[in-house]
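Right, one structure below, let's go through it.
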Amino acid sequence: MIPENIRRELRYIEVYTAKKIRNMRIGPYTSPLRGQGFDFDEHRMYRPGDDVRRIDWNVTARMGAPYLRHTHAERELNVMIVMDVSRSMELGTSHYSKKEMLTFITGSLLFSALSDQINTGFLAFADRVLISTVPRRTRAAAWATLEQCWSLSSTSGQTALMPAIRHLLHTLKRTSVVFLVSDFMTNENLTASKELSLLAARHDVIAVVPEDSSEMSLPPGRGYLSVRDLESGRRVTLGLGKSARRRFDDQARQRREALTRTFYGVPLDYVYVPTDRNPVEQLLSLFTRRKKS
């Protein structure tokens, strides 16, 4: 069962979301993913993985290279929330852990979709897909999803996004908005992943990244700090001197920059959500930015 303090926060999010986020995502907003309607948008060159049925053969003949005909996006979309429940999500040195923030983010998205009368499904993964549900649209289903989200835990020490991505490629038959909620603490080479690029080409994929403050900088103090990797169980001792802090900060910054470059390269939208911030406001800023773009 969800602890009472977390449930109380979710009830607040349910009310707050209905007022603040309603119609910000799918209502008046048109997804940047171009749909298969009849309202012409633009042409662009064919890329591996594109649907060959959308090739405009007249333009292809004139240009001497295959071009696709794009149309404006469909407005009726399903939402799929893909949740990372690996052990690294249990980290929590701020007011909330990443697992608690994951629950709040999922609640924000579920309640927002419910307000907009949008069918929402969810998938939970660690090193493999743990559970997957078809999109539904009821308040009871939303709370049942949150209960499942909270109760799930991984018995493996690894995080692997690719099994979840491959599962979505095989099971999502209708164009969907896919929220990929993860800290992306994985050894997989996402930059070279053709599956992730293919998923983003077929669907509107948005990365939501919970961040704990301890992942970005060492805590104040002197001496040494003993830490344990939640996934591998490996223990290390870190110095808290100036040079050690500088190295830690540089590595944290480089990892974040590399992850951001991966998102740009796919391409897909993204938002970082610190565990000591209001997740609804972070998501609202993302929806507002997408609406203006």
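The values are calculated or read from the model by the stated rules, or taken from the named source; none is laboratory data. Predicted, not measured: the structure shown is a model, and the values here were computed from it. Using ideal geometry, Cβ is built from the backbone for each residue, glycine included, and neighbour counts are taken over all protein chains shown. What goes into the accessible areas is simple: the full protein's heavy atoms, side chains included, and nothing from ligands, DNA or RNA. Shrake-Rupley method; radii C 1.70, N 1.55, O 1.52, S 1.80 Å.
So the values come out like this:
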| quantity | calculated |
| --- | --- |
| HN-Hα J in Hz across region 177-190 - Karplus 6.51, -1.76, 1.60, θ = phi - 60°, x for Gly and Pro | 8, 10, 9, 9, 9, 7, 8, 6, 7, 9, 8, 6, 8, 5 |
| Sites R62 and K291, calculated FRET efficiency, Cβ-Cβ separation with R0 35 Å, nearest 0.05 | 0.50 |
| Rounded to the nearest 20 debye, dipole of region 161-208 from Cβ charges on Lys, Arg, Asp, Glu | 280 debye |
| In degrees, nearest ten, helix 139-151 long axis to first principal axis of the chain (Cα) | 40 degrees |
| Nearest-10 value in Å² for the accessible area of E100, using the 1.4 Å probe | 40 Å² |
| Accessible heavy-atom area order of H43, H203, H95, highest first, probe of 1.4 Å | H95, H43, H203 |
| ³J(HN,Hα), Karplus 6.51/-1.76/1.60, whole Hz, each residue of region 265-273, x for Gly, Pro | x, 4, x, 7, 6, 8, 8, 8, 10 |
| Solvent-accessible ranking of M162, M1, largest area first, probe 1.4 Å | M1, M162 |
| Sequence-distant residues sharing a close amide H with L91 (under 5 Å, placed H) | K98, K99 |
| Area of F287 that stays accessible when all protein chains are in place (1.4 Å probe, Å², to 10) | 0 Å² |
| Cα centre as origin, Lys/Arg/Asp/Glu Cβ charges: region 202-253 dipole, Debye | 400 debye |
| Proximal aspartates and glutamates to K98, defined as alpha-carbon separation beneath 13 angstrom and excluding residues fewer than eight positions away on the same chain | D84, E90, D183, E211, D212, E215, D276 |
| In Hz, Karplus ³J(HN,Hα) per residue of region 250-264 (6.51, -1.76, 1.60; θ = phi - 60°; x = Gly, Pro) | 5, 5, 5, 5, 5, 5, 5, 5, 5, 5, 5, 4, 4, 4, 5 |
| Three-way shape label, region 218-263, alpha-carbon gyration tensor, a/c 1.5 | oblate |
| Cα lying deepest toward the dipole's positive end in the chain, options Q251, L190, A61, charges on Cβ | A61 |
| Accessible heavy-atom area order of D127, D116, highest first, probe of 1.4 Å | D127, D116 |
| Amide H contacts of F122 (H built 1.01 Å from N, under 5 Å, at least 5 apart or other chain) | I81, T133 |
| Charge sum, other residues only, whose C-beta stays under 13 Å from L225's C-beta, Lys/Arg counted +1 and Asp/Glu -1 | +4 |
| Compactness of the chain, expressed as Rg and Dmax over alpha-carbon positions, Å | 20.4, 70 |
| Cα long-axis angle, helix 98-115 against the chain (0 to 90 degrees, to the nearest 10) | 30 degrees |
| Size of electric dipole in the chain: Cβ of Lys, Arg +1 and of Asp, Glu -1, about Cα centre, debye, nearest 20 | 320 debye |
| Principal-axis tilt of helix 162-171 within the chain, Cα atoms, nearest 10 degrees | 30 degrees |
| Under 5 Å, built H, 5+ apart or other chain: amide partners of L68 | R44, M45, Y46, D56 |
